[in-house]
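Input: a single structure, listed below in structure tokens.
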Amino acid sequence: MPEEAAAMWKRIGKHAKFYCKVRSCDQVADEFVNVIGPLRDQVIDNSARINELERKFGNQQRKLSDQEVSFRVNIEQEVEKAVDHAAKDITNAQEKIKSDMREEVKSVIQDQQESFATVAVDKDKLGDELRGEIKELNFG
């Protein structure tokens, strides 16, 4: 379109003297308006289209920015959830280990106490047997 406008201006410039000699100034002005008017309208239409496209592009840019922010927020929230879940799992595992260790220690202590009790009973029985044998040997 700009080439057409340039060609019109060139044609009008070259032939302006001829137009003025052959036609009246009003006729030249009318022709000028007839040529320039549609071009002006096209420029206005193109400007309006450009403005509309710029507005749409700006809206799309804002939407993309909003989506990016939303996406980042969602990722941060998911990471926080995963970290919280992992921390809970670690805490639960630590508590389970502590509980298992307590049970194991209790079991070992109980086994030791039972062993000591058995040794004490066996010691008492052995002592009684030895005393009995000593009495038999002494009185025997």
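Any read-out appearing in this document is the output of simple, stated calculations on the displayed coordinates, not a laboratory observation. All of these numbers come straight from a predicted model, not from anything done at the bench. Heads up, the Cβs are rebuilt from the backbone with ideal geometry, glycines too, and the neighbour counts pull from every protein chain shown.
Show me, bin by bin at 10 Å from 0, the whole-percent P(r) of the stretch 99-140 based on Cα pairs. Result returned by the calculation: 27, 26, 20, 15, 9, 3.
Dividing the convex hull volume of the alpha carbon atoms of the stretch 51-139 by its residue count gives 36 Å³ per residue. Shape summary: the stretch 68-120 maps onto an equivalent ellipsoid whose semi-axes, from the alpha-carbon gyration tensor, are 50, 4, 4 Å in decreasing order. Taken about its Cα centre, the stretch 19-140 carries a charge dipole of about 900 debye when Lys and Arg each add +1 at the Cβ and Asp and Glu each add -1 at the Cβ.
A Förster radius of 41 Å, combined with the Cβ-Cβ distance separating Glu133 from Ser107, puts the computed FRET efficiency at roughly 0.60.
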